[in-house]
Amino acid sequence: MKLGVLFSGGKDSTFACWKAMQQEEVVCLITVISRNPESYMFHTPNIRLAALQAEAAGLPLVEVETAGEKEEELLDLKRALLSAKERFGIEGVVTGAVLSVYQAARVQRVCLELGLWCFNPLWSPDQEAYMEELIDAGFKIVIVGVFSSPFDASWLGREIDRRTLDELREIARKYRITLTGEGGEFETFVVDAPFFSWRVAIEEASRDYRNYNGVLRIERAGLVAK
């Protein structure tokens, strides 16, 4: 089956892509760029660098923009999926949905309208096992957004390795937040994955942080040999 992957460049959509590749044929990535940083549906930090990640993966990218208005942004999602269906013949759509019923239900509804299968390979995982698998599989993931106590500015730009995961476990236990960041506590950017032919090198970035709320803006990045 030919699949398109809803792709944000964060850990969940990238891992979902890799999972889908082990079962079916991934023919394109699909990115919706929201001009609203508080989008209800779509990841926004460093979203325009999805094109660089698509290049690293050697996959074509279908890219559309949306104003990011609640519910109205689903029309732009539908436009993106229709474009992928017409250009690449996709028969199904892969999402990185982990716990969000709001997002998963809406993607499923749009897929149903277009006659597309909706595949959610990460749905409701054991969070510890999922994070361990990310690291074991060789994913290199950087934290690019923090939106909750006790994450201070030092977390921006940190790689999620074993040491970081141990700290996240302790924070999740103490502050009762999700280990995966699915509650909106943090956002990520993937610089390398098992299916990337190149690694993304962050060359220049800036931090915007205040009161447990901050973003690492990647100003310049390139591809380097692995």
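Suppose R0 equals 22 Å. What FRET efficiency, 1/(1 + (r/R0)^6) with r the Cβ-Cβ distance, do Glu69 and Arg217 give to the nearest 0.05? Mind showing how you got there, number by number?
On the way: r = 23 Å, r/R0 = 1.06.
The value I calculate is 0.40.
Report, to the nearest 10°, how far helix 101-114 tilts away from the longest principal axis of the Cα atoms in the chain, using its own Cα long axis and a range of 0 to 90°.
Orientation of helix 101-114: about 20 degrees from the principal axis.
Looking at (i) 45, 39, 33; (ii) 64, 34, 25; (iii) 57, 37, 31, which value of Cα extents along the principal axes in Å comes from a calculation on the structure shown?
It is the one labelled (i).
Using the Karplus curve 6.51 cos²θ - 1.76 cosθ + 1.60 with θ = phi - 60°, what ³J(HN,Hα) values do you get for each residue of region 182-193, in whole Hz, with x for Gly and Pro?
So the Karplus estimates, Gly and Pro as x, are 5, x, x, 6, 8, 10, 10, 9, 8, 9, 7, 8 Hz.
Counting Lys and Arg as +1 and Asp and Glu as -1, each charge on the Cβ, what is the dipole of region 111-183 about the Cα centre in debye, to the nearest 20?
Numbers: 8 positive and 13 negative charges, 49 e Å.
So the magnitude is around 240 debye.
Any idea what the relative contact order of the chain is, in percent, if you count C-alpha pairs under 8 Å spaced at least 6 apart? It would help to have the intermediate numbers written out before the result.
Details: 449 pairs, mean separation 48.1, N = 226.
Contact order relative to length: 21 percent.
At a Förster radius of 25 Å, what calculated FRET efficiency corresponds to the Cβ-Cβ distance of Asp152 and Asn36, to the nearest 0.05? Numbers along the way, then the final one.
Numbers: r = 26 Å, r/R0 = 1.05.
Step by step, r from the Cβ atoms, then E = 0.45.
Report the Cys residues of the chain lacking a disulfide-compatible partner, meaning no second Cys Cβ under 4.7 Å from their Cβ.
Taking the Cβ cut-off of 4.7 Å, the unpaired cysteines of the chain are Cys17, Cys28.
Amide H neighbours of Arg158 under 5 Å, at least 5 residues apart or on other chains, H built in the peptide plane: list them.
Hits under the 5 Å cutoff: Ile143.
Got the relative contact order for region 1-119 handy, in percent, Cα pairs under 8 Å and 6 or more residues apart? Kindly include the intermediate steps, with their values, before the conclusion.
Details: 208 pairs, mean separation 37.7, N = 119.
Computed over region 1-119, the figure is 32 percent.
Would you mind checking the tilt of helix 127-136 against the longest principal axis of the Cα atoms of the chain, expressed as 0 to 90 degrees and rounded to 10?
90 degrees
Please report the net charge: other residues with Cβ closer than 11 Å to the Cβ of Asn46, K and R +1, D and E -1.
Values: positive: Arg48, Arg217; negative: Glu187, Glu219.
So the surrounding residues net to 0.
What distance in nm lies between label points placed 7 Å from Cα along the C-beta direction at Ser197 and Lys226?
It is 1.1 nm.
Any idea what angle helix 162-175 forms with the longest principal axis of the chain, computed on alpha-carbon atoms, 0 to 90 degrees, nearest 10?
Computed tilt is about 80 degrees.
GNM on the chain, C-alpha springs below 10 Å: top fluctuator among Ile177, Ile33, Ile47?
Evaluated over the chain, the most mobile residue of the options is Ile177.
When Lys and Arg each count +1 and Asp and Glu each count -1, what net charge do the other residues less than 13 Å away from Pro125, Cβ to Cβ, add up to? Provide the component values of the computation, followed by the final result.
Working: positive: Lys11, Lys19; negative: Asp12, Asp126, Glu128, Glu132, Glu133, Glu182.
Summing Lys and Arg as +1 and Asp and Glu as -1 gives -4.
Could you state the number of Å between the C-alpha centres of region 1-45 and region 96-146?
Taking the Cα centre of each part, region 96-146 and region 1-45 sit 9 Å apart.
Each value in this text was obtained by applying a stated rule to the coordinates, not by laboratory testing. Because the structure is a prediction, the values reported are computed rather than measured. Note that we place each Cβ from the backbone using ideal geometry, even for glycine, and neighbour counts take in every protein chain shown.
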